[in-house]
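Right, one structure below, let's go through it.
The values are calculated or read from the model by the stated rules, or taken from the named source; none is laboratory data. Predicted, not measured: the structure shown is a model, and the values here were computed from it. Cβ atoms come from the backbone with ideal geometry, glycine included; neighbour counts cover every protein chain shown. Each accessible area value is taken on the protein alone, full model and side chains, heavy atoms only, with ligands, DNA and RNA left out. Shrake-Rupley method; radii C 1.70, N 1.55, O 1.52, S 1.80 Å.
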Amino acid sequence: MKTFNKILMGLASTVVLLSGCSDFEDLNNDPTKVDKEKVRTHYLLNKSIVDAQQNPHIAERIFVYSWKTAARFERRAGMAVGTNYDSYNSDYLGVDFGVGWFNDVNLAINLSRERLESGEAFSFEHNVLQMSRIWRAYLISELTDCFGPVTIENKYDEVIEYKDQKTIYEFILSELKDAQSQLDPDADMSEIKSAGTDPFYAGDVSKWVKYANSLRLRYAMRLSEVEPEMARKEFEDAASTGNFIKTLSETAEVQEVDSWSGLAGVMSRGWNAQPISVTLNNMMIGLGGIDFQVPTELEGKVNLKDARSYLGLELTKHLTTNTNDPAAGFFFDALPSKIDPRATVLFHIPGYDDGNVFFPNIQLADEAALFDPETKEEKDKNGNQYMVLKTKYTWNTWVTGKWDEKGTLSARLISETENYPSLSKQYRIHVMSRVWFAPWETYFLLAEAAHYGWNVPGSLKENYEAGIAANFEYHGVTQFLDAYLNSQEYNRVGTSVAIGHTAEAQPYTVEYVDGYTGEKKTRTYNYPKNSIYRNGAYNNDVLTKIITQKYLAQMPWLPLEAWSDHRRLGLPFFENPAVEVSYNPSAHEVALTTSNYMECKWEFYAERFMYPSSMEVNSKDNYNKAVELLGGDNKVATPLWWTNRK
């Protein structure tokens, strides 16, 4: 049997040493002294899963700054404007993080196989091998969906070549199908349960089967644009099992713990306010026709206004209008009377500390001063402030991006995070379980497949509504479900909930107030044209509804999946960042200019992470091979194979 004192980094072709696993506490000084009889492969699998939760260092850089901004799950610029985080990518694609997680699970796979072949396997070894293959398939997908071509296997003393994404996805789907079919529900998994080394399912093999089949649905659907026939066949094969994640009790999730480890809350850093994005806000306001749920202690203290008939205070000298956000340039001086009921579970009301949703690291909103656009001063010669906005008990957000002078004039409003609804406390304090795959995703995938005419269990309507129901149950808002499912009211981007209601929203007259003169005015409200999807003619067709609901349900746990859906379909509608100054594509910024900001074009959105410069310097051959297989330059704007935009 080969010694396993080293594993190839694979992605960077560097030898690494094992350390940090509880089985290997005596090996830190000399890993060559591993006693293979004492090593438990389930500890290796556990280490890979736990570390992939992302400790606070890498979570802030990848999950928050990169995935969440690419998916528009928060207002921060980041990937929303094409920022290339070279040092973050270097960390992520290194042995301490992504490659390390990959190496650990590969060692579990290789060691399990060797034991099974030699007859030295433990009773649980066969199942650990299959669980590890399933988890490795996920990890490969995570890396390839971020960067592009990667390696798919590694062995102790061999360099494994980079593979193109078609090969990678064929491997992922094949591995998932074979691994789940080989899981043995009768094997004794008591050691796994007692050791606590399966953070997903505590050794429950039947749930691993469901997880694998749901992943098969996810990755088959990923190919819908580039290999539709392959996608259909693979999807229908997985769907025919009927054995996938359907209930919250089957969710693939890992409990967070207050620590500096992979189990720390992935969104827990106190200085990351994570305010609501314009994408989410426009999607949630009015959607479902559900009344804004005013807390009892705020009754009589807050002002509710219909955001469909009233836009707020127009402040175009201070707030950017160089964007295709349909509500740009306005300050909403109230709470919206209708909003998706999940909004106030996910985000706090500015200025209100309810002890549950409000995260105390963010100050309580009260008011914000604007600067005089003529003198650029906050106060006049008599000491009077130019203009003060009451931000307490209001509901606002504004596009990220290049605000130029308007950013300075409105800095007290747009730069102070207390003025925004920001991410709920429960996601910040290590008390939640990080969700990796939930039943709502299964149902929305089945609904999308049914929309394409694929053979799946349940009707399109049944699966669509089951996906919403599962997410409402998760957030504890099921009392609103029936009214929500039947609502034909449009949100700010022209989408309604009821699956049978596909009439397109039409422009209409809306009221507002000139924020400088106090004069009441009207204007035409025009819904945005998402021209990267069906030439911008549809905001309320069936697929838009499905992906809108899937997007909302994935918030906040699955930004990478939401980003992948947008890269695949152009859904949901992503507004353009502010373009008071044109961007510079040569510096890896999006291709927005002061003349094209009302359009939607693929080049306005980040497509991938760049391979880090350290890889180009230290592993030139692998770097060249990866870029060759990518089929384009190592740029943020180069699309991945499965987007079908080569």
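Of everything in region 415-450 that is open to solvent by 10 Å² or more (accessible area, probe 1.4 Å) and polar (S, T, N, Q), the residue that is nearest to Asn463 (Cα to Cα) is Ser433. Within region 466-478, identify whether any single residue is at pLDDT 95 or above, assigned to a loop (DSSP other than H, G, I, E, B), under 27 Å from Ala327 (Cβ atoms) and open to solvent by 60 Å² or more (accessible area, probe 1.4 Å), and answer yes or no. No, region 466-478 has no match at all. Pairs are defined by a Cβ separation below 7 Å, a sequence spacing of at least 6 or placement on different chains, a first member in region 195-207 that is more than 12 Å from Leu45 (Cα to Cα) and in contact (Cβ under 8 Å) with a residue 24 or more places away in the chain, and a second member that is of a type in the set (Asp, Glu) and buried (at least 18 other Cβ atoms within 10 Å of the Cβ); the pairs so defined are Lys207/Glu250. Total residues in region 243-260 satisfying the condition of being of a type in the set (S, T, N, Q), modelled with pLDDT of 95 or more and farther than 30 Å from Glu462 by Cβ: the figure is 1. The requirement of being buried (at least 22 other Cβ atoms within 10 Å of the Cβ), within 21 Å of the chain's Cα centre (by Cα) and under 22 Å from Asn644 (Cα atoms) is fulfilled nowhere in region 491-501; no residue meets it. Total residues in region 256-272 satisfying the condition of being among the hydrophobic types (A, V, I, L, M, F, W, C), open to solvent by 10 Å² or more (accessible area, probe 1.4 Å) and within 20 Å of the chain's Cα centre (by Cα): the figure is 2.
Restricted to region 502-514, and to residues there that are out of contact with any helix residue (DSSP H, G or I) (no Cβ under 7 Å at 6 or more places or on another chain) and of a type outside the set (A, V, I, L, M), the residue that is surrounded by the most Cβ atoms within 10 Å (Cβ to Cβ) is Tyr512.
On inspection, Lys646 fails the criterion of being of a type in the set (Lys, Arg), more than 30 Å from Met230 (Cα to Cα) and without any contact (Cβ under 8 Å) to a residue 40 or more places away in the chain. Put simply, of Glu253, Glu234 the only residue that is of a type outside the set (A, V, I, L, M, F, W, C), within 23 Å of Gln130 (Cβ to Cβ), open to solvent by 10 Å² or more (accessible area, probe 1.4 Å) and within 22 Å of the chain's Cα centre (by Cα) is Glu253. Pairs are defined by a Cβ separation below 6 Å, a sequence spacing of at least 6 or placement on different chains, a first member in region 359-374 that is at positive phi, and a second member that is modelled with pLDDT under 95; no pair meets this definition. Please verify whether region 624-640 includes one or more residues that are under 30 Å from Gly500 (Cβ atoms), touching a residue at least 24 places away in the same chain (Cβ under 8 Å) and not β-branched (Val, Ile, Thr). No, region 624-640 has no match at all. Using the structure shown, decide if Asp51 is charged (D, E, K, R) and surrounded by 23 or more Cβ atoms within 10 Å (Cβ to Cβ). Spelling it out, it is not the case that Asp51 is charged (D, E, K, R) and surrounded by 23 or more Cβ atoms within 10 Å (Cβ to Cβ). Between Glu607, Glu575, the distinction of being within 24 Å of Ile414 (Cα to Cα), out of contact with any Phe, Trp or Tyr (no Cβ under 9 Å at 6 or more places or on another chain), assigned to a loop (DSSP other than H, G, I, E, B) and of a type in the set (Asp, Glu) belongs to Glu575 only. Of the set (1) open to solvent by less than 10 Å² (accessible area, probe 1.4 Å); (2) of a type outside the set (Lys, Arg); (3) modelled with pLDDT under 95, all apply to Glu74 but (3).
Here is the figure for region 186-216: residues that are open to solvent by less than 50 Å² (accessible area, probe 1.4 Å) and closer than 30 Å to Ala231 by Cα total 12. Scanning region 332-375 for residues that are among the polar types (S, T, N, Q) and not in a loop (DSSP other than H, G, I, E, B) yields one hit, Thr344.
In region 458-470, the residues that are without any contact (Cβ under 8 Å) to a residue 24 or more places away in the chain and under 19 Å from Thr544 (Cβ atoms) form Cβ pairs under 8 Å with partners that are aliphatic (A, V, I, L, M) and open to solvent by less than 40 Å² (accessible area, probe 1.4 Å), at six or more places apart or across chains, as follows: Ser459/Ala450; Asn463/Leu446; Asn463/Ala447; Asn463/Ala450; Asn463/Val456.
As an exercise: evaluate Pro585 against (1) of a type outside the set (S, T, N, Q); (2) over 30 Å from Phe444 (Cα atoms); (3) open to solvent by less than 10 Å² (accessible area, probe 1.4 Å) and give the number of the one condition it does not meet. Here Pro585 meets the rest and fails (3). Assess whether Leu319 counts as being modelled with pLDDT of 95 or more, outside any loop (DSSP other than H, G, I, E, B) and among the aliphatic types (A, V, I, L, M). Against the criterion (modelled with pLDDT of 95 or more, outside any loop (DSSP other than H, G, I, E, B) and among the aliphatic types (A, V, I, L, M)), Leu319 does not qualify. Note on region 148-266: enclosed helices (runs of 4 or more DSSP H) holding 3 or more residues that are closer than 29 Å to Asn55 by Cα are 165-182, 190-195, 205-221. Against the numbered list (1) crowded, with 24+ Cβ neighbours inside 10 Å; (2) in contact with a Ser or Thr (Cβ under 7 Å, 6 or more places away or on another chain); (3) of a type in the set (D, E, K, R), Glu125 comes up short only at (1).
In this structure, Thr517 does satisfy being under 30 Å from Met387 (Cα atoms), in a loop (DSSP other than H, G, I, E, B) and without any contact (Cβ under 8 Å) to a residue 40 or more places away in the chain. Residues of region 476-507 that are hydroxyl-bearing (Ser, Thr, Tyr) and in contact (Cβ under 8 Å) with a residue 40 or more places away in the chain: Tyr484, Ser487, Tyr490, Thr495, Ser496, Thr502. Residues that are more than 17 Å from Asp184 (Cβ to Cβ), in a loop (DSSP other than H, G, I, E, B) and among the hydroxyl-bearing types (Ser, Thr, Tyr) within region 85-138 comprise just one, Tyr85. Considering (1) touching a helix residue (DSSP H, G or I) at 6+ places or on another chain (Cβ under 6 Å); (2) over 30 Å from Arg645 (Cα atoms), the lone condition that Asp186 does not fulfil carries the number (1). Within region 283-293, the set of residues being within 24 Å of Arg75 (Cα to Cα) and not aromatic (Phe, Trp, Tyr) comprises Met283, Met284, Ile285, Gly286, Leu287, Gly288, Gln293.
As a summary of the residue check, Ala562 satisfies the conditions (1) touching a residue at least 40 places away in the same chain (Cβ under 8 Å); (2) surrounded by fewer than 16 Cβ atoms within 10 Å (Cβ to Cβ); (3) among the hydrophobic types (A, V, I, L, M, F, W, C) except for the one numbered (2). Quick one: in region 36-85, which of the residues that are of a type in the set (Asp, Glu) and within 18 Å of the chain's Cα centre (by Cα) is nearest to Asn584 (Cα to Cα)? Of everything passing the filter in region 36-85, Glu74 is nearest to Asn584 (Cα to Cα). Of the residues making up region 528-557, those that are open to solvent by less than 30 Å² (accessible area, probe 1.4 Å) and in a loop (DSSP other than H, G, I, E, B) are Pro528, Asn530, Ile532, Tyr533, Asn539, Asn540, Asp541, Met555, Pro556, Trp557.
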